[in-house]
Structures are given as structure tokens and as C-alpha cells.
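Enquirer: The structure is given below, and queries will be raised subsequently.
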Amino acid sequence: MASLVRALALDELVAAADQVVVADVVTVQSAWDESHRVIHTTVEMGIRESWKGASPDSGRISIRQLGGTVGEIEMTVHGMPTFRVGERSLLFLRHSQVVGMSQGKRNLRRDGASHRWLVDPADRSEVVNVVAGGKLHAVGPERVDDLDGLRARILRMVGR
Amino acid sequence: MHRRLTHAFLLGLLGLSSGNAKAYVRELTSTGAPVAWSNPCVPMHLYTGSPPPVLSTAGLFAAGMAAAGAWSFAEVACTDIRLSIVSEPAASAQVGYDSKNVIVFRQETWCRDPPRIDDAGIVVPDCYPASALALTSIFKNKNTGEILDADIEFNAVNYTWGDLVVQPALAISNTADFQNALTHELGHVLGLDHNCFTTNDGSPRGVDNTGAPEVDCYNNPELPDAVAQATMYPSVVLTDTERRSLSPDDEQGVCEIYPHAHEVCPSPSDGGCIVASGSPARTPWPDLFCAAVALFLVGFALRRSRERI
């Protein structure tokens, strides 16, 4: 892919999202569109935690994004997040799309020593830092966060 | 510029040299095949009919030519790649897998063209994230790595595109340099990946052309200047113009993936025949087709000359 996306800080991601969830990937399916011009991938996810927005009764959400592989043909849109069945991630979603492309997906992993859930930094490839009014608005690299601490920060941001 | 100065300052504080890495990273398919075009002559159709504000049609075309030229023979003497810009008079075009590589500006809606039609036959706008300045879609064969189609869409709904070298005053506004962005995107179109490791999405760390693991892009005080200053570095400031020209690493990448083998690439290259300079062609079928066409033309000319006698 290769694409360019404006760098978004955590508060911007939260503000732009209509849903912030921790979810597990259940299925990943790619298919050509009706005109056989582009490939879309549909990701079904099981919600583990919902931090912003209403959680559907089914406990499932579906994300649809450009790119994927069908047969021998692979369509890549650089900057789009990738999903693997079984992985758990923190997602910032708007209209069933990941906000800020890869910036809106942060993978979770269990720390072997402390047994705590950690949140990896987002993939900040293709990000563009913006100059506004002559002043650089640069978003610094993220760090690994503790899930409990990050949850508390985001819930404060959304007023919960 | 700001990032580079900051980086140089940090290196100076740490007493580190700027490094002299000669590294680039190739994009791989999901099966691990390196990605590349089979034919080194790659036309990109730039839709200039309705340029976005600030850019003129001539300026748009000139920027496209400059960005394509930066990666191409003869500006890069050791490569065989000839990215050509074909000016299209229409305002825009659809993108997708159609063997036509397009560069378009989306000015009315930042959405896919054509829109999606759902299972009930209803047209559904398929819009992109507003934070995305540009989207590059590449279709390739996952087993061979052959690139089959590449399209670039620029977001002129939420952002302004200009020439920040000619009009540096625009740099204080929310304007990006079109030539700078296009040069980076064309590097991806040629099969180059970012030149350092950014991802935390579970993907394994890749290796560069030397077989060494990719260096970390971020939180890395030892990041060599050669990496940070390359066109294929993954993050820039909106007003950056330095990616317009290739770094030695970028040049090495395009030369090693596409080593110089042909002297001439007739225009237009789509459907045209490569005149070989003695080196074998990359793919036999286009040249066999060209040879067949050439034999037919020679035979036709001989017949006509005999008829005249």
C-alpha cells in the first residue's frame, strides 16, 4: 500500500471513533466486489469489552475494508490494518471502519511474566505529521501500554 | 525537514555518526514472493482534466513527470524502469483491477469510484477515512509477485495539494506537496516497501536487501540518516519536499530490482515493444509477440515493395 494518512493522537482517535472496543477476530473473508474491480475483506469480531458506543446485542461486530487475497490475486492497500483469526486488539471504529487506518488498531498480548494484558503501539507507517498555522503538529511514537491503564485513560476521555 | 533536523540533532547529542546504510526493503506477497513488474516500462495515467485548487494542469503534469522521472532511466542510469506519465484529459477515473494504472484526485467525495452496490442492488457509498491523504492500491500475483495493476487516489476533499517549492508560502497552511507524496507512492508502485520496521500488527520483522533485520523506524536513536532521509522512509511532515529526490538507498533498490538491460522503451509503453540492447528480456511473451509483429511488418513491407515493382 502505500498510502498516506494524517497522524492521529490518542485523544483524536477516541474523538473520531463511534466505537472503541477490545475484540477477538473470529473470521476473515475476502471477496471481489460485484464489478470484479477491487477486493474487500470482511472481518467478524467478538467483542470482549466496549469502551465507547453501543455494543450490539449479538456481541459481534463486522469490519469491511479494501484489500485482501482471492485465489492468486492479492490486493494491497498500504496503511490498512491486517487481521488474523484469533488475535485480540483494541479498535477505534467509525461506521464499521478502523479510524486512521492502521493507527486505529492496537494489538493486545499477554505479558508472560506479569500475566497482564499489554497494548502494543499502532502501526504508524505512512503517517504524515501536519503543520497547522505554521506550527508542527507532530504525533510522537506510541509506547506499549498496560491495558488497565489505557482503559482508564480512554474511559475518562469519553466521560465514563 | 523538521524531523531530519531533529534527528541530526539527536545523533549529534549522542555522538553518533549519521550511518552509511546501503539498505532497502522489498515488498513481499503473503506467500513471501518479492513484488515487481515483469515489464520495466510502466505507464501511469494521470487525470489532469480538473486539477485541484492551487495546482494547474501544467503544474500537475510536470510534477507527475518529475516524480516518475526520479525513479526512471535515464535519471537513474543503473535501472531499467521507465515510469511514464500519460496525461488523461478527463477529470477522474475509476480505480481497480483493469490493467490500467491511474493517478486521480478525488475532489467531490473521498469515496471509492465506482460506489459499491450491495446484495439488494442499492448503491452504497464506500468512503475512505478522512485522515487518509492518499491511497495506493496494488494488485499482484501472490505466488510470482508480479505486479498487475497499481492505482493512486489523492484526497483533495480534506487536503490541498500544491507545489511547495514554487509556492513555499503554502507550507503554513494544510497543504501537502504533490510531487513529494507521489515520489514516495511510486516507490511502492515499483515494489519497494518502507525502509525500516514500523509495524506492531503481528507481522514478523522483515529483512533488508543485505539479509539484515529491518531497523526500527521509531524510538530508535541509532536510526541512520541514510534510512531517515530516504524517499521510502514511512513518515513525513505534511510540508516535506525532500522525498522528491531519491537517496542512494532508494536508487540502489530500483537498480537491483530492475537492473538496466534495455536502451529504449518506445512510448506508449503499454502495447509497445521493447527494443532490446542485447540482454535477454524479462518476460519472453511480450518480446515474442513483438518479434512476431516485426516479422509481419517486414513481410508486409516486402510484399508491398514487390507489388510496386
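The values are calculated or read from the model by the stated rules, or taken from the named source; none is laboratory data. A quick note: this is a predicted structure, and the numbers were derived from the prediction, not measured. In this analysis, Cβ positions are derived from the backbone assuming ideal geometry, glycine residues included, and neighbour counts consider all displayed protein chains.
Enquirer: Which of the residues belonging to region B:54-88 are under 23 Å from B:HIS260 (Cβ atoms), in a loop (DSSP other than H, G, I, E, B) and aliphatic (A, V, I, L, M)?
Expert: Answer for region B:54-88, where residues must be under 23 Å from B:HIS260 (Cβ atoms), in a loop (DSSP other than H, G, I, E, B) and aliphatic (A, V, I, L, M): B:ALA74, B:VAL76, B:ALA77, B:ILE81.
Enquirer: Also, I was wondering about something else. Given the structure, is B:THR136 facing chain A (nearest Cβ under 8 Å), out of contact with any Leu (no Cβ under 7 Å at 6 or more places or on another chain) and either of a type in the set (S, T, N, Q) or surrounded by fewer than 19 Cβ atoms within 10 Å (Cβ to Cβ) (or both)?
Expert: Numbers: facing chain A (nearest Cβ under 8 Å): yes; out of contact with any Leu (no Cβ under 7 Å at 6 or more places or on another chain): yes; either of a type in the set (S, T, N, Q) or surrounded by fewer than 19 Cβ atoms within 10 Å (Cβ to Cβ) (or both): yes.
So B:THR136 fits the description; yes.
Enquirer: Here is a further query. From the list B:PHE154, B:PHE139, B:PHE105, exactly one residue is more than 16 Å from A:HIS78 (Cα to Cα) and either in a strand (DSSP E or B) or at pLDDT 95 or above (or both). Which is it?
Expert: Values: B:PHE154 fails: more than 16 Å from A:HIS78 (Cα to Cα); B:PHE139 fails: more than 16 Å from A:HIS78 (Cα to Cα).
It is B:PHE105.
Enquirer: To continue, here is another question. If you take the residues in region B:238-267 that are closer than 24 Å to B:GLN179 by Cα and in contact with a Cys (Cβ under 7 Å, 6 or more places away or on another chain), which one is farthest from the other protein chains (Cβ to nearest Cβ)?
Expert: B:CYS265
Enquirer: Within region A:33-48, which residues are of a type in the set (Lys, Arg) and in contact (Cβ under 8 Å) with a residue 12 or more places away in the chain? Steps first, answer last, please.
Expert: Initially, region A:33-48 is screened for residues of a type in the set (Lys, Arg), giving A:37, A:48.
A:ARG48 - this is the single residue of region A:33-48 that is of a type in the set (Lys, Arg) and in contact (Cβ under 8 Å) with a residue 12 or more places away in the chain.
Enquirer: Give A:MET80, A:MET75 a once-over and let me know the one that is buried (at least 24 other Cβ atoms within 10 Å of the Cβ) and part of a loop (DSSP other than H, G, I, E, B).
Expert: Working: A:MET75 fails: part of a loop (DSSP other than H, G, I, E, B).
On inspection, the qualifying residue turns out to be A:MET80.
Enquirer: Which one of A:ARG94, A:ARG106, A:ARG64 is surrounded by fewer than 20 Cβ atoms within 10 Å (Cβ to Cβ), within 15 Å of the chain's Cα centre (by Cα), without any contact (Cβ under 8 Å) to a residue 60 or more places away in the chain and at the interface with chain B (Cβ under 9 Å from one of its Cβ atoms)?
Expert: Numbers: A:ARG94 fails: without any contact (Cβ under 8 Å) to a residue 60 or more places away in the chain; A:ARG106 fails: surrounded by fewer than 20 Cβ atoms within 10 Å (Cβ to Cβ).
Just one listed residue meets the conditions, A:ARG64.
Enquirer: Working only within region B:26-69, note down all residues that are touching a strand residue (DSSP E or B) at 6+ places or on another chain (Cβ under 7 Å), among the β-branched types (Val, Ile, Thr) and within 14 Å of chain A (Cβ to nearest Cβ).
Expert: B:THR29, B:VAL35
Enquirer: Okay, next question. Would you pick out the residues in region B:28-46 that are surrounded by 16 or more Cβ atoms within 10 Å (Cβ to Cβ) and not in a strand (DSSP E or B)?
Expert: Correct list: B:THR29, B:ALA33, B:VAL35, B:TRP37, B:ASN39, B:PRO40.
Enquirer: Just to check your reading of the model, which residue among B:ASP193, B:ASP119, B:ASP177 is among the charged types (D, E, K, R) and surrounded by fewer than 24 Cβ atoms within 10 Å (Cβ to Cβ)?
Expert: Working: B:ASP193 fails: surrounded by fewer than 24 Cβ atoms within 10 Å (Cβ to Cβ); B:ASP177 fails: surrounded by fewer than 24 Cβ atoms within 10 Å (Cβ to Cβ).
That would be B:ASP119, the only listed residue that is among the charged types (D, E, K, R) and surrounded by fewer than 24 Cβ atoms within 10 Å (Cβ to Cβ).
Enquirer: Please return the ranges of helices (runs of 4 or more DSSP H) entirely within region B:221-309 where 3 or more residues are modelled with pLDDT of 50 or more. Can you show your working first?
Expert: Values: elements: B:225-228, B:248-257, B:284-308.
Hits in region B:221-309: B:225-228, B:248-257.
Enquirer: Could you tell me whether A:GLY86 is of a type in the set (Gly, Ala, Ser) and at the interface with chain B (Cβ under 7 Å from one of its Cβ atoms)?
Expert: Working: of a type in the set (Gly, Ala, Ser): yes; at the interface with chain B (Cβ under 7 Å from one of its Cβ atoms): no.
Answer is no for this residue.
Enquirer: Would you mention how many residues in region B:100-120 are farther than 16 Å from B:GLY64 by Cβ and either within 11 Å of another protein chain (Cβ to nearest Cβ) or β-branched (Val, Ile, Thr) (or both)?
Expert: To start, the set of residues in region B:100-120 that are farther than 16 Å from B:GLY64 by Cβ comprises B:106-120.
Imposing the further condition that a residue be either within 11 Å of another protein chain (Cβ to nearest Cβ) or β-branched (Val, Ile, Thr) (or both) reduces the set to B:109, B:112-119.
Result for region B:100-120: 9.
Enquirer: Please go through region A:10-58 and give me each residue that is touching a Leu at 6+ places or on another chain (Cβ under 9 Å) and on the phi > 0 side of the Ramachandran plot, ordered by number.
Expert: A:GLY53
Enquirer: I've got another one for you. When the residues of region A:12-62 are filtered to those that are in a loop (DSSP other than H, G, I, E, B) and of a type in the set (A, V, I, L, M), which remaining residue is farthest from A:ILE73 (Cα to Cα)?
Expert: Quick first cut of region A:12-62, residues in a loop (DSSP other than H, G, I, E, B) only: A:17-18, A:33-38, A:53-59.
The next check asks that each one be of a type in the set (A, V, I, L, M); those that pass are A:17, A:38, A:54.
On the way: A:ALA17: 32, A:VAL38: 10, A:ALA54: 37 Å.
So the residue we want is A:ALA54.
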